[in-house]
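> I have a structure here, written as structure tokens, and I will follow up with some questions on it.
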Amino acid sequence: MATKVSLINMKGGVGKSTLTINLAWHFACYSEWARRVLVVDLDPQFNSSQYLLGVSEYEGILNAKKPTVWEILEQGIRTPSGISTISNPRDTIYKYRKFSHGGCLHLIPSRLELSLSLKNPGNKERNLPRLVTAIESDYDLILIDCAPTESMLTTAAYLTSDYLLVPVKPEYLSTIGLPLLANSMQDFKDEYPTSTLELAGVVFNATSDYLPEETVAKDTVRKLATKNGWYVFQNEVDYSRSYPKGAREGKPIFGTSYSRMDKVLNFQLFAREFAKQVKL
Ligand SMILES: Nc1ncnc2c1ncn2[C@@H]1O[C@H](COP(=O)(O)OP(=O)(O)OP(=O)(O)O)[C@@H](O)[C@H]1O
Ligand SMILES: [Mg+2]
């Protein structure tokens, strides 16, 4: 059985996609981990699909009409040509990298049309956990990159996951987004009281530690975390220009020639704490 973790925050731009892809590379490609990792891009913005594959490889998938997370959610829907189905769940998986030590990095990509699913959400949220159950024995870790708004996709992520990881940028507007997440999780637990979904923790992302505003925002988040019983990661992810630059080149922070060693080590420390929190 894979460990399934959703990266989620109702605030946009906090680093969900960045941490998803960097964690995926970390656990798949380092020989000390050598994990079989699947990224599920559950955001109509398809950022993590493009981050991983680059524009042309990603467009190749769409042109080849390979099923994406959109087709997964649309299963069972009546269309003019019949009821849409995916006959083999493994057809949705793009095998991006395989490493000689046994680790691999695979992707279920997203596409813009996923936003159409939200116009008529029906009972589509159950289609994702159903498909993941069918393929999860192929993986050790499944990372789900969520969209920043609450919708049927959020419920699909909750139903599929064992854990949630919440990246937070230490700034005022991020602290406003957190109560929305607390409410969303509470609503889910009320609707699905037998769910074993846990919060792996809140991680401060893109910190630089010299802005007074950061200290205030971190204090606010820590208070909220204590109130909700949430773990706050001891290792924060530093601000580094290598993250956006690496994203443009399809590389994790430790895969570039220009990332500073202290920033690479900083990410490794966070990844180690993450592994402990999700019992990887
Ligand atoms: N630690 C970091 N240091 C510097 N820049 C970062 C860091 N983390 C993320 N970024 C940059 O911040 C921007 C937003 O990050 P990202 O797209 O990962 O956020 P997101 O939460 O997935 O956003 P959305 O809610 O739109 O999906 C990107 O340009 C990314 O490269
Ligand atoms: Mg994103």
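The values are calculated or read from the model by the stated rules, or taken from the named source; none is laboratory data. Remember, predicted model here, so these are calculated numbers, not experimental data. Here the Cβ positions follow ideal geometry from the backbone for every residue, glycine too, while neighbour counts run over all protein chains shown. Each accessible area value is taken on the protein alone, full model and side chains, heavy atoms only, with ligands, DNA and RNA left out. Shrake-Rupley method; radii C 1.70, N 1.55, O 1.52, S 1.80 Å.
> Take S161 and decide whether it is under 17 Å from L23 (Cβ atoms), small (G, A, S) and buried (at least 20 other Cβ atoms within 10 Å of the Cβ). If you could, list the steps in order and put the result at the bottom.
Working: under 17 Å from L23 (Cβ atoms): yes; small (G, A, S): yes; buried (at least 20 other Cβ atoms within 10 Å of the Cβ): yes.
Criteria met by S161.
> Check A200 against each of (1) over 20 Å from I144 (Cα atoms); (2) outside any helix (DSSP H, G or I) and name the one condition it does not meet.
(1)
> Just for the stretch 223-261: of the residues that are buried (at least 20 other Cβ atoms within 10 Å of the Cβ) and within 16 Å of ligand 2 (Cβ to nearest atom), which one is nearest to R272 (Cα to Cα)?
V237
> What are the pairs with Cβ atoms under 9 angstrom where one residue, in the stretch 59-82, is surrounded by fewer than 17 Cβ atoms within 10 Å (Cβ to Cβ) and the other, located anywhere, is in a helix (DSSP H, G or I) and charged (D, E, K, R)? Sequence gap at least six, or different chains.
Taking only residues 6 or more apart or on different chains, the pairs are K66/D91; G76/K124; I77/K124.
> In the stretch 1-25, which residues are open to solvent by 10 Å² or more (accessible area, probe 1.4 Å) and either more than 11 Å from ligand 2 (Cβ to nearest atom) or in contact with a helix residue (DSSP H, G or I) (Cβ under 7 Å, 6 or more places away or on another chain) (or both)?
Taking the stretch 1-25 as the starting set, the residues that turn out to be open to solvent by 10 Å² or more (accessible area, probe 1.4 Å) are 1, 3-4, 10-13, 15-18, 25.
If the condition is that a residue be open to solvent by 10 Å² or more (accessible area, probe 1.4 Å) and either more than 11 Å from ligand 2 (Cβ to nearest atom) or in contact with a helix residue (DSSP H, G or I) (Cβ under 7 Å, 6 or more places away or on another chain) (or both), then M1, T3, K4, M10, K11, S17, T18, W25 are the ones that fit.
> Can you tell me which residues in the stretch 124-158 are crowded, with 22+ Cβ neighbours inside 10 Å and of a type in the set (D, E, K, R)?
Scanning the stretch 124-158 gives a single hit, D145.
> Given the residues N266, N183, which is the only one that is open to solvent by 20 Å² or more (accessible area, probe 1.4 Å), in contact (Cβ under 8 Å) with a residue 12 or more places away in the chain and either within 18 Å of K11 (Cα to Cα) or not aromatic (F, W, Y) (or both)? Reasoning before the result, please.
Working: N183 fails: in contact (Cβ under 8 Å) with a residue 12 or more places away in the chain.
On inspection, the qualifying residue turns out to be N266.
> Would you pick out the residues in the stretch 19-63 that are polar (S, T, N, Q) and part of a loop (DSSP other than H, G, I, E, B)?
Once the filter is applied, which keeps residues that are polar (S, T, N, Q) and part of a loop (DSSP other than H, G, I, E, B), the stretch 19-63 yields S31, Q45.
> With respect to Y172, is the statement that it is open to solvent by 30 Å² or more (accessible area, probe 1.4 Å) and of a type in the set (F, W, Y) true?
Numbers: open to solvent by 30 Å² or more (accessible area, probe 1.4 Å): yes; of a type in the set (F, W, Y): yes.
Yes; evaluated as a whole, the condition is true for this residue.
> Then there's this: Could you list, in sequence order, the residues of the stretch 143-155 that are within 16 Å of ligand 2 (Cβ to nearest atom) and aliphatic (A, V, I, L, M)?
If we filter the stretch 143-155 for residues that are within 16 Å of ligand 2 (Cβ to nearest atom), which is where we start, we get 143-151, 153-154.
If the condition is that a residue be within 16 Å of ligand 2 (Cβ to nearest atom) and aliphatic (A, V, I, L, M), then L143, I144, A147, L153 are the ones that fit.
> Something else now. Mind listing just one residue for me: the one in the stretch 1-18 that is aliphatic (A, V, I, L, M) and not in a strand (DSSP E or B) and, of those, farthest from ligand 1 (Cβ to nearest atom)?
Start the filter on the stretch 1-18 by keeping residues that are aliphatic (A, V, I, L, M), which leaves 1-2, 5, 7-8, 10, 14.
Filter once more, keeping what is not in a strand (DSSP E or B): 1-2, 8, 10, 14.
Numbers: M1: 27, A2: 22, I8: 9, M10: 9, V14: 4 Å.
Looking at residues that are aliphatic (A, V, I, L, M) and not in a strand (DSSP E or B), I get M1.
> Name the residues in the stretch 94-115 that are of a type in the set (A, V, I, L, M, F, W, C) and farther than 16 Å from A28 by Cα, would you?
Taking the stretch 94-115 first, the residues of a type in the set (A, V, I, L, M, F, W, C) are 99, 104-105, 107-108, 112, 114.
Passing the criteria: L112, L114.
> Restrict the check to the stretch 206-219 and report whether at least one residue is within 15 Å of ligand 1 (Cβ to nearest atom), closer than 27 Å to Y51 by Cα and crowded, with 19+ Cβ neighbours inside 10 Å.
Yes, that holds for at least one residue.
> Under 8 Å between Cβ atoms, at least 6 apart or on separate chains: pull out the pairs that start in the stretch 234-247 with a residue that is assigned to a loop (DSSP other than H, G, I, E, B) and end on any residue that is of a type in the set (V, I, T) and more than 16 Å from ligand 2 (Cβ to nearest atom).
From the stretch 234-247, the pairs are E236/T207; Y239/T207; S240/I253.
> Of these, A147, A217, which one is of a type outside the set (D, E), in contact with a Pro (Cβ under 7 Å, 6 or more places away or on another chain) and at pLDDT below 95? Show your work before the answer.
On the way: A147 fails: at pLDDT below 95.
Every option except A217 fails the conditions.
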